[in-house]
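Engineer: Have a look at this one before I ask anything.
What follows draws every value from the coordinates through simple rules; no lab data is involved. All figures in this text were calculated on a predicted structure; none of them were measured in a lab. Methodologically, a virtual Cβ is constructed for each residue, glycine included, from the backbone with ideal geometry; neighbour enumeration extends over all protein chains shown.
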Amino acid sequence: MFRTAFLFICVFLLFGGCQLDTGVKVIKMGHAQVVAHPVHQAMVFLGKRLEEKSGGKIKVKVYPNQQLGTERELLELLQIGSLGMTKVSAASLEAFSPEISVLGLPYLFRDDDHSAQVLQGEIGKELLLSTEKYWLRGLCFYDAGKRSFYSKTKPITTPADLTGLKVRVQESKMAINMIHGMGGSPTPVSYGELYTALQQGIVDAAENNPPSFYNSRHYEVCKFYSIDEHTAIPDVVLVSTKVWNELSPEEQVWLQEAADESAVYQTKLWKEAVEEALREVQKAGVEISYPSKEPFLEKVAGVYAQVFQEQKQLEALVQRIQQTNK
Ligand code: GCU
């Protein structure tokens, strides 16, 4: 807590999101994952491509591991221009764009092709720019696969297994609604604090994609991973509009292209990372199960109804998503 607050203040006071160092622009980029995670590698690739495109005039310095703060804090640093770029889960953007919360609805996409068509099409573009009024410009999506439950005590084979369990959720109203709708007790905890929260029993279970379950080492505490794939929430790469507006039109094109290329690279890394993660956690004694999705799907209508009651405008967006390439 204090370490984060201290770093937060240092960054705020000492640097801008985009520093000019001997004629070279250095854009600082912070995120919450460890360096072995495919999203970190994709961000390093983004920096390399931007440096190449700009002939060495623009560099990106990546700060992993929540060193500069939680996803929420990183977004706030972007807003004031103290940090140039970040990569967060779309769930962390909910407070800045009600539209983007749609991506947290369970079983929203029919399959991977459907999600790619939505995210890379018109809807995806609208969602990326929907946070601009909050000084956050989305550049591209990264694949964050599908999220499934893991628990300390038992496999989650049906929603009934969630009864009485404190399930960690991202700091997202949508996630809270989903866990409520499925019968568990949602408890928001930041990603960086989750290992300890699981260890100390503050929460009994959590949910995430395989590379994050593995790289966060949550598998050391949770020995049951149930692949129900209830959500497919992508990650989003963002730039502070304060930094974006300081770039020339040509530099903006380079940055956008570098981000798009890094997204293609990240998709390639992702598949291998999922396979490796499942292999490694199994080796470490995790019991992986593939429950039927039917009982989870039965809970979806209730979750959607609750969400539409709170956010009427999402109904039309969900319809557009469902009609995409049908
Ligand atoms: C995913 C996502 C992260 C997020 C994490 C979480 O791993 O890629 O950006 O922090 O989920 O559950 O908080």
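Engineer: Using only the Cα atoms of region 10-92, each taken as one equal point scatterer with no solvent, compute I(q) by the Debye sum, divide by I(0), and report log10 of the ratio at q = 0.27 Å⁻¹.
Structural biologist: Values, matching the q order: -1.32.
Engineer: Treating only the Cβ of Lys, Arg, Asp and Glu as charged (+1, +1, -1, -1), what charge dipole size does the chain show about its Cα centre? Round to the nearest 20 debye.
Structural biologist: Here the chain has a charge dipole of around 480 debye.
Engineer: Please give the helix 300-310 orientation as an angle from the longest Cα principal axis of the chain, in degrees from 0 to 90, rounded to the nearest 10.
Structural biologist: Its long axis makes an angle of about 50 degrees.
Engineer: A further question on this structure: Summing -39500 (n - 2.57) over the DSSP H runs of n ≥ 4 in the chain and dividing by its residue number, what mean residue ellipticity at 222 nm do you reach, to the nearest 500 deg cm²/dmol?
Structural biologist: -13500 deg cm²/dmol
Engineer: Sticking with this one: Between ILE80 and LEU20, what FRET efficiency follows from the Cβ-Cβ distance if R0 is 22 Å, with the result rounded to 0.05?
Structural biologist: Once the sixth-power term is evaluated, E becomes 0.75.
Engineer: Here's a follow-up. Treating the angle as unsigned and between 0 and 90°, give the value, to the nearest 10°, between the Cα long axis of helix 249-283 and the longest Cα principal axis of the chain.
Structural biologist: 30
Engineer: Could you check the simple spin-label distance between ASP113 and GLU132, using points 7 Å along Cα→Cβ, in nm with one decimal?
Structural biologist: Placing both labels 7 Å along Cα→Cβ, they lie 3.2 nm apart.
Engineer: Please give every one of the aspartates and glutamates within straight-line cross-link reach of LYS268, meaning a C-alpha to C-alpha distance under 16 Å, and leave out same-chain neighbours fewer than 8 residues apart.
Structural biologist: Reachable aspartates and glutamates: ASP112, ASP113, ASP143, ASP235, ASP260, GLU276.
Engineer: Show me the three semi-axes of the equivalent ellipsoid for region 76-136, from the C-alpha gyration tensor (sqrt of 5 times each eigenvalue), largest first, rounded to whole Å.
Structural biologist: Over the Cα atoms of region 76-136, the ellipsoid semi-axes are 24, 12, 10 Å.
Engineer: With +1 assigned to the C-beta of every Lys and Arg and -1 to the C-beta of every Asp and Glu, and no other charges, what is the dipole magnitude of region 18-160 about the Cα centre in debye, to the nearest 20?
Structural biologist: The calculated dipole for region 18-160 is roughly 440 debye.
Engineer: Separate question: Do the alpha carbons of any pairs in LYS87/LYS299; LYS61/LYS133; LYS166/LYS299; LYS48/LYS271; LYS48/LYS242 sit beyond 29 Å of each other, and which pairs?
Structural biologist: The pairs that break the limit, which is 29 Å between Cα atoms, are LYS87/LYS299.
Engineer: While we're here: Is the C-alpha gyration tensor of region 185-319 telling us rounded, prolate or oblate? Criteria: a/c under 1.5 is rounded; beyond that, a/b larger than b/c is prolate, otherwise oblate.
Structural biologist: Cα axes put region 185-319 in the oblate bin.
Engineer: Separate question: For a quick check: sort ASP112, ASP260, ASP235 by the number of other beta carbons within 10 angstrom, fewest at the front.
Structural biologist: ASP112, ASP260, ASP235
Engineer: How long are the semi-axes of the equivalent ellipsoid of region 163-229, taking √(5λ) for every eigenvalue λ of the Cα gyration tensor, in whole Å from largest down?
Structural biologist: Rounded to whole Å, the semi-axes are 18, 13, 12.
Engineer: Suppose every K and R has +1 on its Cβ and every D and E has -1 on its Cβ; what is the size of the dipole of region 12-87 about the Cα centre, in Debye to the nearest 20?
Structural biologist: 260
Engineer: Between GLU257 and GLU287, what is the spin-label point distance in nm, taking each point 7 Å from the Cα along the Cα→C-beta axis?
Structural biologist: For GLU257 paired with GLU287, the spin-label model returns 5.3 nm.
Engineer: Output needed for the chain: three equivalent-ellipsoid semi-axes, defined as square roots of 5 times the C-alpha gyration tensor eigenvalues, in descending order, whole Å.
Structural biologist: Those come to 32, 22, 18 Å.
Engineer: To continue, here is another question. Give the angle, between 0 and 90 degrees and rounded to the nearest 10, that separates the Cα long axis of helix 38-53 from the longest principal axis of the Cα atoms of the chain.
Structural biologist: Helix 38-53 sits at roughly 20 degrees to that axis.
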